[in-house]
1. Taking the Cα centre of the chain as origin and charging only Cβ (+1 Lys, Arg; -1 Asp, Glu), how large is the dipole, in debye to the nearest 20?
2. In whole Å, largest first, what are the principal axis extents of the Cα atoms in the chain?
3. Report, in deg cm²/dmol and to the nearest 500, the calculated mean residue ellipticity at 222 nm for the chain, where each DSSP H run with n ≥ 4 adds -39500 (n - 2.57) and the sum is divided by the residue count.
4. Along the positive direction of the dipole of the stretch 35-236 (beta-carbon charges: Lys, Arg +1; Asp, Glu -1; about the Cα centre), which of GLY209, SER150, GLN232 reaches farthest?
5. Taking a label point 7 Å from the Cα of GLN112 along the Cα→Cβ vector, which residues of the stretch 49-76 have an amide N closer than 16 Å to it?
6. Please report, in Å, the Rg and the Dmax of the stretch 148-231, where both are computed over Cα atoms only.
7. Charges only on Cβ, +1 for Lys and Arg, -1 for Asp and Glu: so what's the dipole of the stretch 175-237 about the Cα centre, in debye to the nearest 20?
8. How would VAL143, VAL216 line up from fewest to most surrounding beta-carbon atoms within 10 angstrom?
Amino acid sequence: MSLFKEKKSRVEKKSICIRKKKIETKHTRTSLLFGEENFSKLAKSRVLLFGVGGVGSFTLDCLYRSGVENITVVDFDIYDITNLNRQLGSDGNIGKYKVEALKKIYPKIEIQNRKATIEFIENFDFSNFDLVLDAIDDIPVKVAIAQRVSFKLISSMGSAKQIDPTKIEITSIWKTEYDPFAKRVRAELRKSKFQGDFQVVFSKAEREGSEKGSFVGVTGSFGLALCSEAIQTIGTK
């Protein structure tokens, strides 16, 4: 091969490599894992997320990075200094509304700066959403959400007072165990005559420390587990 042809061959190979790189996107690796059909489902899905604290902020980040960008977030809270140990979006945003700060990080999301009360849930239009994710810690409101949309709900149970994320599991609300928060949720569901079922993220880990103690290794893992279950659920629809 002549020197000219050898150089031309190198240029052509380099050009092909450049063209291949150009067609890659931030979702290329996700699409390769899930397959084009399932990734298309993610891109088209409409998800409603209640709460963007220690659990919900990781759920939001995971969904958004995975190609689910049609997300509506409901949260009324303001970042305070105690949020810095576990909540994505809290850095540099103390005193600001969480949803407004997160909108700047995840510009395609829709936000509702509203407190999720029982009245709000009872009057909310859930029909526009394929999946509802509950990452709040208000038990009466969690029950109200389950009463409305258990058939398309995934809920997070108690993530506080834990150090070991390897004990996290996903199962029916009725099959949870060793989780004091889930026990209270089950009791309130029975009291409200709830007859349905839904999947939850919970943990069998031993509870430690004070009532408000939290560790990002666990709360973040809860959020990622919630996201993973959501993505798998969307993929099977």
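1. Details: 40 positive and 30 negative charges, 281 e Å.
Around 1360 debye, computed over the chain.
2. Principal extents (largest minus smallest coordinate, Cα): 84, 38, 33 Å.
3. Values: 9 runs with 104 residues, N = 237.
Counting only the DSSP helices, I get -13500 deg cm²/dmol.
4. Selected residue: SER150.
5. What the label zone holds, given the 16 Å backbone N cut-off, is 49-52, 70-76.
6. 12.7, 35
7. Values: 11 positive and 8 negative charges, 69 e Å.
About 340 debye.
8. Numbers: VAL143 22, VAL216 16.
With the sparsest Cβ surroundings first, the list reads VAL216, VAL143.
Every number in this text was worked out from the coordinates using simple rules, so none of it is lab data. Note that the structure is predicted; figures quoted are calculated from it, not measured. Every residue, glycine as well, gets a Cβ built from its backbone with ideal geometry; the counts of neighbours run over all protein chains shown.
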